[in-house]
1. Given the structure, is F131 surrounded by fewer than 16 Cβ atoms within 10 Å (Cβ to Cβ) and either hydroxyl-bearing (S, T, Y) or in a helix (DSSP H, G or I) (or both)?
2. Return yes or no: is L53 at pLDDT below 90, assigned to a helix (DSSP H, G or I) and of a type outside the set (S, T, Y)?
3. In the set V138, V71, which member is modelled with pLDDT under 95, of a type in the set (V, I, T) and in a loop (DSSP other than H, G, I, E, B)?
4. I'd like the full set of residues that are assigned to a helix (DSSP H, G or I) and either within 30 Å of F72 (Cβ to Cβ) or within 15 Å of the chain's Cα centre (by Cα) (or both), limited to the range 1-43.
5. Taking the range 7-23 only, how many residues are surrounded by 13 or more Cβ atoms within 10 Å (Cβ to Cβ), out of contact with any helix residue (DSSP H, G or I) (no Cβ under 9 Å at 6 or more places or on another chain) and closer than 22 Å to N92 by Cα?
Amino acid sequence: MATKSLMGVPPHSFLADTVRLDYALNSGGFLSVGDDLPILYRKWIFIGFNSCLMLGLTAFLLIKRELPIAVFVALSSILAGGVGNLIDRVTNNGLVIDFINLGFGPMRTGVINVADIAVMFGAVTLGYLSFKGKDVEVQTLKSSVE
């Protein structure tokens with residue numbers, strides 16, 4: 001949808017320029033990290049290594065039934081975002097389509113996509129949960145189903 005509606009047109013601005021929709025192809029990782037690497041290394045890292053990480057995370061989520069719900073949601077969010085970007089890379093010759101730029105005035109993010117937001121949500125949630133530690137109420141998936 002981003003390619004059809006945003007490619008080749010000026011950025012669209014919403015909410016007093018807090019949100020900009022602007023089409024960009026990203027050959028690197030989050031916020032273009034690694035885009036200056038040779039193409040072979042980028043493919044091994046962003047397709048091969050990412051595939052292994054996503055398979056490992058999937059196996060972990062399937063095997064580990066006693067995870068707190070918040071941890072499960074955070075890891076699932078990282079998995080969903082990782083798989084979304086992986087699909088983009090496989091179908092777009094190693095590139096990811098980014099189209100969202102957020103910010104206030106001169107303070108802005110780079111151009112990102114929904115998958116990046118999912119990964120960041122999961123990572124920030126895990127960070128918060130690890131910082132809060134035992135203060136967070138722990139309810140597992142297994143106990144919530146029973």
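The values are calculated or read from the model by the stated rules, or taken from the named source; none is laboratory data. Note that the structure is predicted; figures quoted are calculated from it, not measured. Backbone-built Cβ (ideal geometry, glycine too); neighbour counts: all protein chains shown.
1. Working: surrounded by fewer than 16 Cβ atoms within 10 Å (Cβ to Cβ): yes; either hydroxyl-bearing (S, T, Y) or in a helix (DSSP H, G or I) (or both): yes.
So F131 fits the description; yes.
2. Numbers: at pLDDT below 90: no; assigned to a helix (DSSP H, G or I): yes; of a type outside the set (S, T, Y): yes.
For L53, the condition - at pLDDT below 90, assigned to a helix (DSSP H, G or I) and of a type outside the set (S, T, Y) - is not met.
3. Details: V71 fails: in a loop (DSSP other than H, G, I, E, B).
Just a single option satisfies the conditions, and that option is V138.
4. First pass over the range 1-43, keeping only residues assigned to a helix (DSSP H, G or I): 2-6, 30-32, 39-43.
Residues satisfying the conditions are A2, F30, L31, S32.
5. 1
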